[in-house]
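Q: Sharing a structure here in structure tokens format.
The values are calculated or read from the model by the stated rules, or taken from the named source; none is laboratory data. Treat the numbers as computed from the prediction; the structure is a model and nothing was measured. All Cβ positions, glycine included, derive from the backbone under ideal geometry; neighbour counts span all protein chains shown.
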Amino acid sequence: MTKQVAIEPLPRGRHGLTREQVVQSQRARIFRAMAETMAEKGYVATSVADVLRAAKVSRETFYEQFDSKADCFMSALEAAVDVVIAAAFDAPPAGGTPLERFDHGLRTYLDAVAARPELARLFLIEVYAAGPAALERRAAVQRRFAEILGDTFGRRTASDRFANEAIVAATSSMVTARLAAGDLDGLRALRRPLVGLARRLHGDT
């Protein structure tokens, strides 16, 4: 079972926060509540009412910001991409070989997924039940990863692009399987074999 993270409501009465800060707080709680509830119940079984109870916000507040559960999910998906996927795009340490830079990006990505499994489930697991728009967003993220690998290894032939797509697909599939099983140690342990796969496909560049 996914560990629950406390979701605190805004303080009652006067709190000195701007309207923008209030909305940001509400959205953050709604996104976290959606991620945690779906980790327990799945996308289909999660209702707006479930999210409202977990987030401690009103139905009126929810519909001021989102048109539907699907609209909220897409916004939460974008937030999850920003929080978790962006970790792999952090600038690596200066110098090093392309393989070492790949290793750095992979390690930061795996650590980010393991540190925020509820968010990671949104774009790795629940996305399959959320409809075509969500799946296209996931596919776009994977294409972006493949492009990053192309930049990292500096190779642009058709076979190199296929190799990068294969690395991304293998990473996504294996991470998803371990995340679904709650095996976070196994998830982090993917680093060495995936670096080995990149080495076999691109060499010790």
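Q: Consider residue 25 carefully, then state whether it is modelled with pLDDT under 90 and either buried (at least 17 other Cβ atoms within 10 Å of the Cβ) or not basic (Lys, Arg) (or both).
A: yes
Q: I've got another one for you. Residue 185 - would you say it is among the acidic types (Asp, Glu) and within 29 Å of residue 73 (Cα to Cα)?
A: So residue 185 passes the test.
Q: Is at least one residue of the stretch 90-105 outside any helix (DSSP H, G or I) and touching a His at 6+ places or on another chain (Cβ under 6 Å)?
A: Among the residues of the stretch 90-105, at least one is outside any helix (DSSP H, G or I) and touching a His at 6+ places or on another chain (Cβ under 6 Å), which makes the answer yes.
Q: Here's a follow-up. What number of residues within the stretch 60-70 are closer than 14 Å to residue 44 by Cα and either aliphatic (A, V, I, L, M) or surrounded by 14 or more Cβ atoms within 10 Å (Cβ to Cβ) (or both)?
A: Of the residues in the stretch 60-70, 2 are closer than 14 Å to residue 44 by Cα and either aliphatic (A, V, I, L, M) or surrounded by 14 or more Cβ atoms within 10 Å (Cβ to Cβ) (or both).
Q: Of all residues in the stretch 161-187, how many are of a type in the set (D, E, K, R), surrounded by fewer than 17 Cβ atoms within 10 Å (Cβ to Cβ) and in a helix (DSSP H, G or I)?
A: Qualifying residue count, the stretch 161-187: 3.
Q: Name every residue in the stretch 144-168 that is at pLDDT 90 or above and in contact with a His (Cβ under 7 Å, 6 or more places away or on another chain), in order of residue number.
A: 163
Q: List the residue pairs whose Cβ atoms are under 6 Å apart, where the first residue sits in the stretch 162-178 and is in contact (Cβ under 8 Å) with a residue 40 or more places away in the chain and closer than 11 Å to residue 142 by Cβ, the second is of a type outside the set (Phe, Trp, Tyr) and assigned to a helix (DSSP H, G or I), and the two are 6 or more positions apart or on different chains.
A: As it stands, the answer is 171/194, since those pairs meet every condition given.
Q: Within the stretch 71-111, how many residues are of a type in the set (A, V, I, L, M), modelled with pLDDT of 90 or more and farther than 18 Å from residue 202 by Cβ?
A: 4
Q: Of the residues 108, 152, only one is farther than 18 Å from residue 180 by Cβ and in contact with an Asp or Glu (Cβ under 9 Å, 6 or more places away or on another chain); which?
A: Result of the check over 108, 152: 108.
Q: Please name all residue pairs, on different chains or six or more residues apart, with Cβ atoms under 6 Å, provided the first residue is in the stretch 36-51 and is more than 11 Å from residue 69 (Cβ to Cβ) and the second residue is surrounded by 18 or more Cβ atoms within 10 Å (Cβ to Cβ) and of a type in the set (Asp, Glu).
A: 36/118; 39/118
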